[in-house]
1. On a full-extension model of 0.36 nm per residue, what is the gain between Val420 and Asp607, subtracting their alpha-carbon distance, rounded to one decimal in nm?
2. Compute, for Lys122, the solvent-accessible surface of its heavy atoms (probe 1.4 Å) with the complete set of protein chains present, and express it in square angstrom to the nearest 10.
3. What accessible area per residue, rounded to a whole number of Å², is obtained for segment 335-375 using a probe radius of 1.4 Å?
4. Taking 25 Å as R0, compute the FRET efficiency from the Cβ-Cβ separation of Lys279 and Arg336 and round it to 0.05.
5. Given points 7 Å out from each Cα along the Cα-Cβ axis, report the Ala320 to Glu589 separation in nanometres with one decimal.
6. What is the local net charge at Glu323, summed over the other residues whose Cβ is closer than 15 Å to its Cβ (Lys, Arg +1; Asp, Glu -1)?
7. Given the Cα-Cα distance of Arg573 and Ile371 and 0.36 nm per residue of separation, how much length would full extension add, in nm?
8. Could you list, in their original order, any pairs among Lys385/Lys507; Lys281/Lys338; Lys239/Lys586; Lys249/Lys625; Lys419/Lys491; Lys299/Lys368 whose Cα atoms are separated by more than 28 Å?
Amino acid sequence: RRSGQYTMNHDHTKKTPDGASFDRSGSQDSLDELSMDDYWKELENIHETRGNNHEERVALVVKEPDEGELEEEWLKEAGLSNLFGESSGDSLESMVFLSTLTRTQNAAVEKRIETVRQTMRKKNKQHQIPDVRDIFRLQNDSKGKICDGSEPSTVRTSENKNEIQDGTKGLKFSLGTDEQKSPLEDMPFSDTDINLEISFAEQAANLKDSSVGKMCKGGGGDTLLPNFRLPKDKTGTTKIGDLAPQDMKKVYSLALIELTALYDIFGTEFKQQKAVKIKTKDSGLFGVPLSVLLEQDQKKVPGTKIPLIFQKLIAQIEEATLETEGLLRIPGVATRVKSLCQELEAKFYEGTFNWENVKQHDAASLLKLFIRELPQPLLTVEYLKAFQDVQSLPMKKQQLQALNLLVLLLPEANRDTLKVLLEFLQRVIDHRDKNKMTLKNVAMVMAPNLFTFHGFGSKTIEQSEFVMAAGTANVMRFMIQYQKLLWTIPKFIVNQVRKQNTERQKKEKKDKAMKKLLKKMAYDREKHEKQEKTPNDADVPQGVIRVQAPHLSKVSMAIQLTEDLKAGDIVARFLSQKSGNVQTLKKEEVSLYEIGGNIGERCLDGDTYMKDLYQLNPNAEWVIKSKQS
């Protein structure tokens, strides 16, 4: 492999013979040209570092699944395993879940159920697999049947285009800002607005079938990244971390189905890779699974979400100054890095390691080494290929939407660590005038550390090494540039969670054969609601909500809802009551929470318009509490 000898031409992506690079005419800043030199040099440094201890490494084996296994695993991950197998009778929860899916999401599920069904028929398994037509009879009429997710049907009336298709009566959660303006083209969103109100796959299907879809591709070579933004949502933006764990489980399932539906529309294969378990270190710093690291770190610093060594390495790099030219690009001295690595393993947790001797470039090399040495990639074995495949989606907006969904799919530890890494990389880029590390340079240097994972063997990499290099560098640029957008939970997914909760509550009330515990819970809830309703209806007039603040001196307040009242205004009103322990709490330390009704629990952003949210969830309770509790 001749690392460091390839560049990317304006129009072509190919290796140059005998190491001769293309002539890059024009300015180095030409935004249509991505010089790959930094990428190949970084790869060369990685191979040199790896060369010393290559024998000790155990490659993670990625298992090739049997026919139908992928789809079976996918249905399990999506929370739909009770549609097949021994538990196929107990599919009430799945039916509630399916009733809230969009047409493109339904198509993705249908396609995979059909594959599992055919595979099991071939294998003569005795499991009861319901007929796909039975499962989707509520969602699809004969005209709207979608057999192949890559060819979505456009049969859809303007009345229901922006609503979750649920086939049940009751509250409909709009997926559009304005139900009268249902066609996508009429939506008041500009090309750089990320519409979080309508399913991404539905948007893509509509664009694909309309003249609007005939737009220029947002592929790899163009370095000009649009200034994407999220239009303000009156019911508040929901960030990762704002929802209760039981609702986040639903978000995960919906994000998986939505991402698959989006990939299906463009014929991009979405395959979750599966790692065969290998023996990993159960203590230490480098080459230790994130979960193990965090477990040992939480004994030292309770509640820590980022490995301590990772935090310390970033702090060490920043301490010196981020203005150092070539920061992250210039490698540390390999022998010194290796001995520092061994010394850290022995002394880091004892607190006897001398950080004063660590040079900045060595610390940067250690940080990258930490990421590469993880037994499973930071972007996970399951989704690493899906992250790479983002580049194959035709438009930049769709690439960003796919990345948003992928971030939602990452385990919490991976997601939190990735967030801290991306924030650090952005701070490096903020000093580009001095350190000469632009977004492009940083992406080039970091992509090999996140994407060329030792466990995947060299086959995939060498088949299309150059194309993959350019593509992963682009995905890296996207993740750094749009990191603030990527940690948002799209409104259409939150609305689907609300819908599921509402439908489940309805089903629970009707179901007489429920287990004793659930019966008691339902009874208690009804009793509580009856007790609350009588005084509330009398005490609290229409258009007024009661806000509880158990930890503040003013523990409860009736608040009149107005068109422009925001969550932040309510918090400020409580904090202005000067008595008790209120002075010790700052505005940024407490939030208003929406609890119950059609959501488990949701931390509200300060700009949430309360009247709009109240209309969406009239049965919620409103509580002010600290963000930690």
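1. Details: separation 187, 0.36 × 187 = 67.32 nm, distance 2.50 nm.
Going from the current span to full extension adds 64.8 nm.
2. Here the residue's solvent-accessible area equals roughly 140 Å².
3. Details: 1880 Å² over 41 residues.
Counting only protein heavy atoms, the per-residue value for segment 335-375 is 46 Å².
4. Values: r = 29 Å, r/R0 = 1.18.
Approximately 0.25, to the nearest 0.05.
5. Going from the Ala320 label point to the Glu589 one covers 3.7 nm.
6. Numbers: positive: Arg329, Arg427, Arg432, Lys434, Lys436; negative: Glu318, Glu319, Glu325, Asp430, Asp433.
For residues surrounding Glu323, the net value is 0.
7. Numbers: separation 202, 0.36 × 202 = 72.72 nm, distance 4.54 nm.
Full extension of this stretch gives 68.2 nm more.
8. Values: Lys385/Lys507 39 Å; Lys281/Lys338 18 Å; Lys239/Lys586 21 Å; Lys249/Lys625 23 Å; Lys419/Lys491 21 Å; Lys299/Lys368 25 Å.
Checking Cα-Cα distances, Lys385/Lys507 exceed 28 Å.
The values are calculated or read from the model by the stated rules, or taken from the named source; none is laboratory data. Small disclaimer: the values here were computed from a predicted structure and weren't measured. As a convention, Cβ positions derive from the backbone with ideal geometry for all residues, glycine included, and neighbour counts pool all protein chains shown. Note: accessible area is taken over every heavy atom of the protein model, side chains too, but ligands, DNA and RNA are not part of it. Shrake-Rupley method; radii C 1.70, N 1.55, O 1.52, S 1.80 Å.
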